[in-house]
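The structure under discussion appears below in the form of structure tokens.
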Amino acid sequence: MDCIVRVNEELGGDFFYLGLEPLEPIADIRPGRFFMVRCSQSADPFLRRPMSVADYKKDGSGFGLVVQTVGWGTSLLSTLVPWDRIDVIGPFGTNFEVPDGARSLWAVAGGSGVAPFLGLIDHAEGDVDHTVFLGARTSELLIYADRLKERGACVITATEDGSSGEHGLVTEPLVKKLDSGEKPDVIFTCGPTPMMRAVARIAEAHGIKCSVSLENRMACGFGACVGCVTKKRGEENYITVCSRGPVFDSFEVEI
Amino acid sequence: MPVNLANNIAGLNLKNPILGASGTFGYGTLYERFYDISVIGGFVTKALSLKPRAGNPAPRICEAPGGMLNAIGLQNIGIDRFVNQKLPKIKDKDLVIIANFFGETVDEYVEVASRLNEVDGVHGLEMNISCPNRNNEGLVFGASCQITEDVVKACRKVTNKPLFVKLSPNVADIAKFAKVCEDSGADGLSVINTLSGMAIDIRSRKPILANVMGGLSGPAIKPVAVRMVWQCYRAVKIPIFGIGGISCVEDVVEFILAGASAVQIGSMNFVEPEICKTLAEELPDLLESLGVSDYRELIGALDV
Ligand SMILES: Cc1cc2nc3c(=O)[nH]c(=O)nc-3n(C[C@H](O)[C@H](O)[C@H](O)COP(=O)(O)OP(=O)(O)OC[C@H]3O[C@@H](n4cnc5c(N)ncnc54)[C@H](O)[C@@H]3O)c2cc1C
Ligand SMILES: Cc1cc2nc3c(=O)[nH]c(=O)nc-3n(C[C@H](O)[C@H](O)[C@H](O)COP(=O)(O)O)c2cc1C
Ligand code: FES
């Protein structure tokens, strides 16, 4: 589906935000699901790149991506300007699902992993308290803290160099808050794998349900190449992250 | 002027010469979310073995210049689940279904071939001989003319369905292998499978694929594939499926001119899931602009 680029906004560090308007509304956009984005019309790069949905309009007439430039494909995306066209397919995969009756939800994000939580908090229904733990190397890379606060979330930040919020890894304020006796009904996490692994262990140790969003390398995004596999915990067989995930219950998969 | 795209290839009735290639088209059903697959000539299943196979650990894929590397490790659901669960969902569709298969020994190849021979709804077989041979230090079957001859002859005995052999390009003289397959009773050839390749992360000094080596596919391999189709076309009389890096309708015609009777589309399905449908739709216009009313006129019509 062709989309018109409406916004390309620098976010600090090597992050940017792309606001896209599809030529026709796209159904079933949900936080945690992702699009496969064509970065070039030529074969360079050849494969599409998976990108999580950030914010989105309920009627599917617009959505955003939060992208970090890490290589050739993402650097091509960073050069897009308003009115350019970009081709995406999707959305694919599972989404972050707030369990019935949940009253408090904690989200732990690193880097572009904050993306799904923008849409999640924008479209939150019912009476749920949101706390977002944001981690980054340095304050410049802590993106969307203010916007999440504006939408009513409690935001706790941590930087590895101590330039903003807690000094250290994002898991430290998480553990502190748990140790102080607070306990959410569910924890969602998205970001670098070592961070998600640590969050999942902490959640399990405290008996809290936890959803993780895996970021395996993907060629197709819809189950055809069998390239994006991970192992189900305790099983020998591989499952495809793109179609069975990318959002899994942490106890389901080996992280 | 209506343009003819239909052909009978080694007994397979194809309404057009566009097929989905093995390992990129699943078991067919996956692409139904994008379009009705009965608009294409047919497709080849993911490689099937006697028992399900788990395949290689991740990472299994990565980008390569103009294409991709993969080391899936022949993960598949096994012949029983294919026949009982997947095939019933597609067998009544109007398209040709070809089962790609392999074994780790000649006996296993024969057993899978004879099982598939009995299956209603499987119209043809494609032998994947780029699979490691358990009895020959893990060297692939398709690396040796003698072993290729043994395994093709053995499978030929147990099936009367059209039998295609999918050649490995990782050999010095592919025409020799083409001839061996023809002489051993193959009804057709599929040319080519992926080229052996590798990629390294220079910071960690580790291979990018967990399996270390993988298969290169996509536009990057197209010139090699066109050349090999041409060499095979000159060496044999049996029909050839041209495969390798096809991404647009001009590529389809290029392969046909080199000698392909039909083509299979692989990795491009990942990038444009509707590519096979698009190519089938665009081919008549291109042929008409080339002044051709029947695509069969172009098979091997390279002017040298
Ligand atoms: C479901 C899913 C959702 C994603 N959502 C986002 C998002 O919202 N925003 C965002 O910026 N990124 C996201 N990613 C990661 C993103 O897809 C990769 O960063 C991107 O493909 C890199 O492309 P490139 O051409 O720029 O880099 P390449 O040149 O391909 O690679 C450059 C570097 O990036 C690493 N890399 C490549 N592919 C991946 C991958 N799939 N995951 C992690 N690292 C990778 C490589 O190891 C390499 O070191 C997501 C990945 C998945 C699987
Ligand atoms: C992810 C992937 C999986 C594949 N699996 C198989 C397979 O199971 N059996 C087989 O014969 N070929 C397999 N192939 C090879 C393709 O069918 C095709 O020969 C090759 O990719 C070249 O075509 P392309 O450049 O159009 O992709 C696979 C290719 C890819 C990319
Ligand atoms: S990315 Fe192809 S199967 Fe998941």
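The values are calculated or read from the model by the stated rules, or taken from the named source; none is laboratory data. Since we're looking at a predicted model, the values are computed, not measured. Note: ideal-geometry Cβ built from the backbone for every residue, glycine included; neighbour counts use all protein chains shown. For the accessible areas, the whole protein counts, side chains as well, though only heavy atoms, and no ligand, DNA or RNA atoms are used. Shrake-Rupley method; radii C 1.70, N 1.55, O 1.52, S 1.80 Å.
A few remarks follow.
- Any hit, the stretch B:194-214, residues being among the acidic types (Asp, Glu), on the phi < 0 side of the Ramachandran plot and within 16 Å of ligand 1 (Cβ to nearest atom): yes
- Number of the condition not met by residue A:70 [criteria: (1) loosely packed, with under 15 Cβ neighbours inside 10 Å; (2) among the hydrophobic types (A, V, I, L, M, F, W, C); (3) away from chain B (no Cβ under 14 Å); (4) within 16 Å of ligand 1 (Cβ to nearest atom)]: (3)
- Unique residue being open to solvent by 40 Å² or more (accessible area, probe 1.4 Å), among the hydrophobic types (A, V, I, L, M, F, W, C) and within 15 Å of ligand 2 (Cβ to nearest atom) when the list is B:165, B:152, B:140: B:140
- Within the stretch B:207-230, considering residues that are within 14 Å of chain A (Cβ to nearest Cβ) and in a strand (DSSP E or B), the one surrounded by the fewest Cβ atoms within 10 Å (Cβ to Cβ): B:207
- Residue match in the stretch A:26-48 (condition: outside any strand (DSSP E or B), modelled with pLDDT under 95 and surrounded by 17 or more Cβ atoms within 10 Å (Cβ to Cβ)): yes
- Every residue from the stretch A:212-232 that is within 11 Å of another protein chain (Cβ to nearest Cβ), assigned to a loop (DSSP other than H, G, I, E, B) and either open to solvent by 10 Å² or more (accessible area, probe 1.4 Å) or more than 23 Å from residue B:63 (Cα to Cα) (or both): A:214, A:216, A:217, A:218, A:223, A:226
- Each residue in the stretch B:233-247 was checked for being more than 9 Å from ligand 2 (Cβ to nearest atom) and surrounded by fewer than 24 Cβ atoms within 10 Å (Cβ to Cβ), and 6 pass.
- Residue check for residue A:196: at pLDDT 95 or above and part of a loop (DSSP other than H, G, I, E, B): no
- Residues in the stretch B:250-269 that are within 15 Å of ligand 2 (Cβ to nearest atom), among the hydrophobic types (A, V, I, L, M, F, W, C) and open to solvent by 10 Å² or more (accessible area, probe 1.4 Å): B:268 only.
- Taken together, A:182, A:235 contain a single residue that is within 14 Å of chain B (Cβ to nearest Cβ), open to solvent by 50 Å² or more (accessible area, probe 1.4 Å) and assigned to a loop (DSSP other than H, G, I, E, B), which is A:235.
- Candidates are the residues of the stretch B:1-31 that are within 16 Å of ligand 3 (Cβ to nearest atom) and without any contact (Cβ under 8 Å) to a residue 24 or more places away in the chain; the one that is nearest to residue B:168 (Cα to Cα) is B:26.
- Under the condition of being without any contact (Cβ under 8 Å) to a residue 60 or more places away in the chain, in contact with a strand residue (DSSP E or B) (Cβ under 8 Å, 6 or more places away or on another chain) and within 16 Å of ligand 1 (Cβ to nearest atom), the residues counted in the stretch A:221-240 number 10.
- Among the conditions (1) more than 8 Å from every other protein chain (Cβ to nearest Cβ); (2) touching a residue at least 12 places away in the same chain (Cβ under 8 Å); (3) not small (Gly, Ala, Ser), residue B:84 misses just one, which is (2).
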